[in-house]
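Enquirer: Dumping the structure here so I can ask a few things about it.
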Amino acid sequence: MGVEETIETVEQINRANALIRKEKYLDAERIVDKLLRTIEPVEINKSGRVMDFSNNMEYCLYSHMNSKVPISWSRNFLSDIYLLKGIILAESRNFKEAIEYFDKALRWNPVSIRIYREILVTCINLRDYNKFDMYFNRAVKIAMRPIDIAMLYKKLGYVWIERGEDEFAYNLILYSKLFFPKREADLKIDFLQQRIGTRLKKYPDLGTIEYIREKNLLYQRPDYIVPTYNALIKMMQDVMKKEEKQTRINYLTLIDYYNGLYFHKPGGQIHSALLSLQREYSIKFPDNKEEK
């Protein structure tokens, strides 16, 4: 895909996203269908299987998960386009067909947590909880960021609310707050509290962890997560050796990588490096100072 074609494709995808936000699904679908007719996918090139990752994290993650599989990261935007088609179909309550398109999106980007989030929501709407469990088990293996792990356990909690297992749902939602506490989780706890008629605590404790352990649902960090974070940190540090690359966004990205690494592998050396980087950032970009 040439530069001009890439720019045009991105513009069309952005237009479709804007139309979806405005709930103009038919107009968005016309754009998406035209893109699908226009783009001629190349599945394999001289470097290997073509993948459509949307960022460095996805590329590094997949590379560490499948180190023996030759791949080529070549943006054709099919993962985005199939995802949009699935979202449009889901909004039209064509849930089964939507999942088919989400699966097509995963073919091009198997490590997109955004795609998995849409699939899980669609499975809940479809009330296909066996399919939900299948996709949940896949998604939890590629969720690197604490906020994404929390999202997955909240979604699992919602499934058990639908199944009428309030105690199980409550503990899953509590457990999600160990990874990333969000107001959304508290609202669900308020809902359960009203339904059960008993005051419920909103903070997880050792009892929460033990409950989830007994259900055999404790988060198990895959071996490739820490090496992936280490690779991302080194990649960004190499980029930032050039002074012009020491931008606010690059500093924040590097800080985010260190925060992720520290979550998965807490230790004094990582913590010290993170604090040092945060101090460096605060000096270089003090509050209320415009970046030059």
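The values are calculated or read from the model by the stated rules, or taken from the named source; none is laboratory data. This is a predicted model, so every value here is computed, not measured. All Cβ positions, even for glycine, are placed from backbone atoms using ideal geometry, and neighbour counts span all protein chains on display. All accessible areas refer to the heavy atoms of the entire protein, side chains included, with ligands and DNA or RNA removed. Shrake-Rupley method; radii C 1.70, N 1.55, O 1.52, S 1.80 Å.
Enquirer: Hey, does the stretch 231-247 have a residue that's out of contact with any helix residue (DSSP H, G or I) (no Cβ under 9 Å at 6 or more places or on another chain), open to solvent by less than 80 Å² (accessible area, probe 1.4 Å), assigned to a helix (DSSP H, G or I) and free of Cβ contacts under 8 Å to residues at least 60 places away in the same chain?
Expert: Looking for residues that are out of contact with any helix residue (DSSP H, G or I) (no Cβ under 9 Å at 6 or more places or on another chain), open to solvent by less than 80 Å² (accessible area, probe 1.4 Å), assigned to a helix (DSSP H, G or I) and free of Cβ contacts under 8 Å to residues at least 60 places away in the same chain, one finds at least one in the stretch 231-247, hence yes.
Residue-by-condition table, conditions (1) in a helix (DSSP H, G or I); (2) open to solvent by 50 Å² or more (accessible area, probe 1.4 Å):
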{"position": "E184", "(1), (2)": "yes, yes"}
{"position": "L187", "(1), (2)": "yes, yes"}
{"position": "T198", "(1), (2)": "no, yes"}
{"position": "G207", "(1), (2)": "yes, no"}
{"position": "Y211", "(1), (2)": "yes, no"}
{"position": "Y219", "(1), (2)": "no, no"}
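Enquirer: Same structure again: Collect the residues in the stretch 9-58 that are closer than 30 Å to P222 by Cβ and either among the acidic types (D, E) or in a helix (DSSP H, G or I) (or both), keeping them in residue-number order.
Expert: E43, D52, N56, M57, E58, listed by residue number.
Enquirer: Taking the condition hydroxyl-bearing (S, T, Y), open to solvent by less than 80 Å² (accessible area, probe 1.4 Å), outside any loop (DSSP other than H, G, I, E, B) and within 27 Å of I142 (Cα to Cα), does Y175 pass?
Expert: Considered against the rule, which asks whether it is hydroxyl-bearing (S, T, Y), open to solvent by less than 80 Å² (accessible area, probe 1.4 Å), outside any loop (DSSP other than H, G, I, E, B) and within 27 Å of I142 (Cα to Cα), Y175 comes out as yes.
Enquirer: Which count do you get for residues in the stretch 248-258 that are exposed (fewer than 13 other Cβ atoms within 10 Å of the Cβ) and β-branched (V, I, T)?
Expert: Result for the stretch 248-258: 1.
Enquirer: Can you tell me which of A150, A143, A98, A139 is small (G, A, S) and more than 30 Å from I39 (Cα to Cα)?
Expert: A150
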